[in-house]
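Heads up: the structure comes next, in structure tokens.
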Amino acid sequence: MLSASKRKLKNFFLREQRHLVNVFDTDFMLSPDLPIPSGVSEDELFQFVTSVRVQGAAEAEMRAYGTSDFKRFVYTWSLTAGVHGKCLELGGNPYFTTMLLNEFSDLDLSLANYFGNVENGEYEQSVDYRDLRTREQKVKKFEYQHFNVESDSFPYNDNEFDLLIFAEIIEHLLNDPCSVFREIKRVLKPGGTLILTTPNVARLENVCKLVSGANIYDPYSGYGPYGRHNREYNRHELDQLLRFEGFEPNAAFTADVHDNHANHFCKKSKIAPLLHGRKGDLGQYIFLRAKALPQTTQTKRPGWLYRSYPNGELV
């Protein structure tokens, strides 16, 4: 027989567990409100973004991408608030975020892409879209530099940019993310802003996949080794890596940007009590903004991210 005090304690924990289950079932993610630019509605913005089509790209793929990741593009754009001057967007294609920047910022944009099948140099792509206000079909031409951020020196001067957008790229890197951050830091002005977005390896869907026995690794891609996610990160790892490379994170959050299918793998209610302390860290994507500090660039690499390097090259 349980004493009265033990029954009271047990009932308390049962109530708390039921409360957590209820909270996690109804409000598992703490995604920030979508920051819509002033003067337009969310529906108008959605219609604008999903009208973007790179000329020559597959229609169905462009439509699906713009629709499913609409919120991600808007969250990314929102992190540029208050930043002015020259902006480099790495991996601008397919230009959903670029079009938001072009429409709702006064940044002087430079763009870069890497497709792997052409020589490095300057190229141009045309984008069809529907004008936000007149609803007329229009064409926007974007010039960009073609190079591999992981193996090539960036074709820009030292301290050239006030802002650099590094969205949905780090997860595709094959060998050396530190070398990329060192080039990013070189072309950013001291005190300049880095915006980084990437899929969150610790997202709720992945937690539920692992619990159910499913695999979380990305499939092999018909676009080659850079077409798949080769290494995903959690928010803590990105914070560590950026600080190691001389950046000071000043804003970070995770958010769901499309339907969350965690319950397809296991019931969220079963793992809710275990994840309550990480409730705001389980979104599908990580959004992070950091300041470039005026300190000497690193020459070594963090041992938690690299292995099989010669003695003295890892710390």
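Tabulated data
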item: Among the candidates 123, 156, residue that is touching a His at 6+ places or on another chain (Cβ under 8 Å) and at negative phi; result: 123
item: Subset tally (residues that are open to solvent by less than 40 Å² (accessible area, probe 1.4 Å) and either at pLDDT below 95 or in contact with a Pro (Cβ under 7 Å, 6 or more places away or on another chain) (or both)) for the stretch 285-302; result: 4
item: Selection status of residue 222, more than 21 Å from the chain's Cα centre (by Cα), farther than 19 Å from residue 264 by Cα and open to solvent by less than 50 Å² (accessible area, probe 1.4 Å); result: no
item: Residue in the stretch 283-297 that is in contact with a strand residue (DSSP E or B) (Cβ under 9 Å, 6 or more places away or on another chain), polar (S, T, N, Q) and under 30 Å from residue 69 (Cβ atoms) present; result: yes
item: Selection from the stretch 91-124 of residues that are in a loop (DSSP other than H, G, I, E, B), more than 15 Å from residue 57 (Cβ to Cβ) and open to solvent by less than 80 Å² (accessible area, probe 1.4 Å); result: 105, 107, 116, 118
item: The stretch 125-173, subset loosely packed, with under 12 Cβ neighbours inside 10 Å and β-branched (Val, Ile, Thr), residue farthest from the chain's Cα centre (by Cα); result: 134
item: Residues satisfying the stated conditions in the stretch 174-201, i.e. among the acidic types (Asp, Glu) and either surrounded by fewer than 16 Cβ atoms within 10 Å (Cβ to Cβ) or closer than 19 Å to residue 80 by Cα (or both); result: 176
item: Condition met for residue 193 (among the β-branched types (Val, Ile, Thr), farther than 28 Å from residue 259 by Cβ and touching a strand residue (DSSP E or B) at 6+ places or on another chain (Cβ under 7 Å)); result: yes
item: Residue that is among the β-branched types (Val, Ile, Thr) and in a loop (DSSP other than H, G, I, E, B), where the choices are 134, 193; result: 134
item: Qualifying positions in the stretch 202-218 - open to solvent by 40 Å² or more (accessible area, probe 1.4 Å), of a type in the set (A, V, I, L, M, F, W, C) and either outside any helix (DSSP H, G or I) or at positive phi (or both); result: 216
item: Complete set of residues in the stretch 230-259 that are open to solvent by less than 50 Å² (accessible area, probe 1.4 Å) and part of a loop (DSSP other than H, G, I, E, B); result: 230, 232, 234, 245, 246, 256, 257
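The values are calculated or read from the model by the stated rules, or taken from the named source; none is laboratory data. It should be emphasised that the depicted structure is a prediction, and the values quoted were computed from it without experimental measurement. A quick note on method: Cβ atoms are made from the backbone with ideal geometry, for glycine too, and the neighbour counts reach across all protein chains shown. We work out accessible area using only protein heavy atoms, side chains counted, and drop any ligands, DNA or RNA first. Shrake-Rupley method; radii C 1.70, N 1.55, O 1.52, S 1.80 Å.
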